[in-house]
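To start, the structure under review is shown below, and the notes come after it.
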Amino acid sequence: MWNVPHGLHFTQHEQGPSNKDTIAEDQPPQQPVCLTTRQDAGRTKRILPRAHLARQPKPGPATMNTAADIPLLIRSENSASERRISPSWTITHLKDRLEPITGIPATCQRLSLKVGSQAPLPITAQSEDATQLANWPLQAYAEIQVADTRPPGARTNYTDVSAVPKYEMPAADYESRTDSVLAWKRTQKLGRFDPDAPTLIQQKVTASYREAESRGVKVGVRCRLLPAEEDARMGEVAFLGEVGEIPGGVGAWVGVRLDEPTGKNDGRVGGTRYFECAAKCGVFVRPERVEVGEFAVVDEFGEEDEEF
């Protein structure tokens, strides 16, 4: 039997998890709870026993909010990128995450934090496994600099691609493809695929004669060989045309009769004579190596005559 004080009386018995006002849904069924009411200034108040209130669940560590990630700039000798870093990470965890980004082993990284124009702050601790990044003033888009402590000879050079094997497609495979620029030009009949366009050899021959005409090169004019700083031999144009005996020498050639015997022939190439000159006074050059002008004839004994 319950001894009910004066002014109090039982209203009902509420049991189990159906009482959502007092017991959480995820809690196992509890023993019956007696609710009492008290008349106070015309209001009815429901009162729980203190023992039951002590059994209510309290918020645990899982309900705590974690620090938000911060966008930071990661820079090393061979990389630069933006990454989101959590202040709850330890230094060791950060280095492990930076290894595939920078290519620097975690054990060879020296970290520092640079915020604005301030001097870099070393990110180091006696126990990096237990020290969190929250101990440093992380700010959005601050810079974490990653230095490599290995000797230069032991570092991998990620910027030198000269030793990287490269694939070169054989010319025959490229010409057989239907999705290449060459195939498109062939379809559109452009460049060398244009039936109305001159051949490459014809273009070279035309360009050589155009060069000679633009320079005023013609038989009988005085000239000087170029470049003037290295050559500057002078003579007279004795021939302008094609020389079939010169291998691969399509286009116009200029035969020059030099004033001095500093040439290579006597006006003949391969047994065919193209102009007359003394031995070692003939030379054949391209039009772009000829400068036409009023150049005086070189007299080998001119200076000696002036001494008498």
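The table below gives the values:
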quantity	calculated
Set of segment 152-166 residues, backbone N closer than 20 Å to the point 7 Å along the Cα-Cβ line of Leu182	166
Förster radius 25 Å - calculated FRET efficiency between Arg97 and Asn157 (Cβ-Cβ, nearest 0.05)	0.60
Potential extension, Ala197-Asp299 segment - 0.36 nm per residue separation minus Cα distance	31.8 nm
Stretch gain in nm, segment Val250-Asp173, where the contour uses 0.36 nm per residue and the Cα spacing is subtracted	24.7 nm
Two-site label geometry, Asp231 and Thr149: point separation in nm, points 7 Å out along Cα→Cβ	6.4 nm
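Only the coordinates and a few stated rules stand behind these numbers; no lab work does. Here the structure is a predicted model, which means the values were calculated and not measured. Heads up, the Cβs are rebuilt from the backbone with ideal geometry, glycines too, and the neighbour counts pull from every protein chain shown.
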